[in-house]
1. Kindly evaluate Ile63 against the criterion of being within 15 Å of Pro146 (Cα to Cα), modelled with pLDDT under 95 and of a type outside the set (Lys, Arg).
2. With the structure loaded, tell me whether Leu169 is closer than 19 Å to Asn142 by Cα, assigned to a helix (DSSP H, G or I) and either without any contact (Cβ under 8 Å) to a residue 40 or more places away in the chain or touching a helix residue (DSSP H, G or I) at 6+ places or on another chain (Cβ under 9 Å) (or both) or whether it fails that test.
3. Identify, from the list Ile49, Ile35, the residue that is buried (at least 20 other Cβ atoms within 10 Å of the Cβ) and closer than 12 Å to Ile179 by Cα.
4. Looking at segment 142-159, can you tell me whether even one residue there is over 13 Å from the mean Cα position of the chain (by Cα) and in a strand (DSSP E or B)?
5. Checking Ile218 against (1) touching a residue at least 24 places away in the same chain (Cβ under 8 Å); (2) under 22 Å from Pro85 (Cα atoms); (3) surrounded by fewer than 18 Cβ atoms within 10 Å (Cβ to Cβ), which test does it fail?
6. Is one or more of the residues making up segment 182-190 within 20 Å of Ile2 (Cα to Cα), assigned to a helix (DSSP H, G or I) and within 15 Å of the chain's Cα centre (by Cα)?
7. Among what's in segment 107-137 and is among the aliphatic types (A, V, I, L, M) and under 17 Å from Asp167 (Cα atoms), pick the residue that is surrounded by the most Cβ atoms within 10 Å (Cβ to Cβ).
Amino acid sequence: MINSLKLDSVDMRFGKKQILSNVNFTCNTGDILAIFGRNGSGKSTLLKILFGAIKPNKIELQINNNKIEKISTKNKLFAYLPQNPFLPKDITVRRIIQMYFSDGEKQDKIFNAPLINKIETQRIGTLSLGEQKYLEFLLIINLNHPFILLDEPFTMLEPMQIDLIKDVLTKQKNDKGIIISDHYCRDVFDMANKKIIIKEGVSHGVSTLRELADYGYIS
């Protein structure tokens, strides 16, 4: 099934501070949309709004041409990978996979993913930050939600882990719409077929690294 997302506008203020004022884009099944912007530009805030963790002052969002009146995590439209680790520390990798997925085929898919067999008996708290981030990514990307939100998925990862994630994203985009924000901009840029940059609360479509430089994001 092809799912479509259309964000016409979003307005977000914290007190008197305007964070987002005119952000719009589309993302469909098969798309990888990259969101660029300097720290504090509102990228993480935007992802949290779409996930339903933050309520905006105003938003116009359509999924499959239907207006979404209330964004909620209960809608199960968006799966979200936050920047910071979120798994409980005292549970083993094997147990957390079983908790996320009751379907044996889905469990096997994660157990058989590269690097997981080496850590499946360990407790989450004993993993390196890179191992934990990689595991969290696999859990989120394999959920059944039609859209995936990834906030800094490459942070704290080793080059090999980054390559593994890029390979998974390339395969998963056939079934999902993926929205990703990460300061590893060249890795993200090469993968994405759609790109925007947020500056002063406004989104701008970009198609070249030169444009990112023109907006003051890279040198």
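1. No.
2. Yes, satisfied.
3. Values: Ile49 fails: closer than 12 Å to Ile179 by Cα.
Answer to the check: Ile35.
4. Step one: of segment 142-159, the residues over 13 Å from the mean Cα position of the chain (by Cα) are 144, 156-159.
Add one more test, that the residue is in a strand (DSSP E or B), and what stays is none.
Within segment 142-159, none of the residues are over 13 Å from the mean Cα position of the chain (by Cα) and in a strand (DSSP E or B).
5. Checking Ile218 against (1) touching a residue at least 24 places away in the same chain (Cβ under 8 Å); (2) under 22 Å from Pro85 (Cα atoms); (3) surrounded by fewer than 18 Cβ atoms within 10 Å (Cβ to Cβ), the one that fails is (2).
6. Residues of segment 182-190 that are within 20 Å of Ile2 (Cα to Cα), as a first pass: none.
No, there is no match, as no residue in segment 182-190 is within 20 Å of Ile2 (Cα to Cα), assigned to a helix (DSSP H, G or I) and within 15 Å of the chain's Cα centre (by Cα).
7. Only one residue fits best here, namely Leu135.
The values are calculated or read from the model by the stated rules, or taken from the named source; none is laboratory data. Values in this document were obtained by computation on a predicted structure and should not be read as measured data. Methodologically, a virtual Cβ is constructed for each residue, glycine included, from the backbone with ideal geometry; neighbour enumeration extends over all protein chains shown.
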